[in-house]
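Contents: one structure, followed by commentary.
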Amino acid sequence: MENLQELWFKYNDYSNRLTEALGRTSNVVGEYAEYLAHRHYGGRLLAVSGASADIEAPDGKRYQVKSRKVKGTSTQLNVIRSWEFDYLVVILFGAQGYVKRALELPVDVAREFAAPNKHQNGWVITTSRAFFSDPRCKDITSFMSVHER
């Protein structure tokens, strides 16, 4: 087995390569999720500093992408600071990097699952059984080419 120092350097090397290849921020999980969603929806990636949406599709619809790398399926997503988008896209990655689950839901449905978080100045959503089973959520896992087998 490799020693911890070797693993640490390899991890940083690949993390730096991914950051450079994605070309946006060092949040590799989030940027890769946005990359996958952008590849699916088309259109254009919006400015990194924008609080409201990550992607504007060719039809003008705006998508906010939230993601996490998780062991199970329940997790708290990063803070939502603005509701100025049409759809929330949630992509959960498994430990090996495969897409475990990807959902698209209208902004009004996302708001129903959101709880205010004053500390983070926004709202947070915790994925749950109710969240995943809501019939208004569209499962888009199969559209992500790196889904778990």
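Assorted remarks:
- The chain: C-alpha pair distances exceeding 20 Å, %: 50
- Computed over the range 60-131, the P(r) curve from all C-alpha pair distances, binned at 5 Å from the origin, holds 4, 17, 28, 25, 17, 9, 2 percent per bin.
- Cα-Cα pairs of the range 19-75 separated by more than 18 Å (percent): 33
- Of K69/K100; K66/K118; K66/K100; K10/K100, those spanning more than 21 Å from alpha-carbon to alpha-carbon: K10/K100
- Packing-based exposure ordering (other Cβ within 10 Å, fewest first) of T25, T141: T25, T141
- The alpha-carbon of K61 sits under 16 angstrom from the alpha-carbons of these aspartates and glutamates, leaving out residues fewer than 8 places away in its chain: E34, E84, D86, E104, D108.
- The range 1-25-the range 35-94 distance, computed between alpha-carbon centres (Å): 24
- Cleavage-rule hits (GluC sites (Glu not before Pro)) in the range 1-84: DSSP loop, at most 13 neighbouring Cβ within 10 angstrom: E2, E84
- Over the chain: helical MRE at 222 nm, DSSP H runs n ≥ 4 each giving -39500 (n - 2.57), nearest 500: -9000 deg cm²/dmol
Each value in this text was obtained by applying a stated rule to the coordinates, not by laboratory testing. Everything numeric in this text was worked out from a predicted model, so none of it was measured. In this analysis, Cβ positions are derived from the backbone assuming ideal geometry, glycine residues included, and neighbour counts consider all displayed protein chains.
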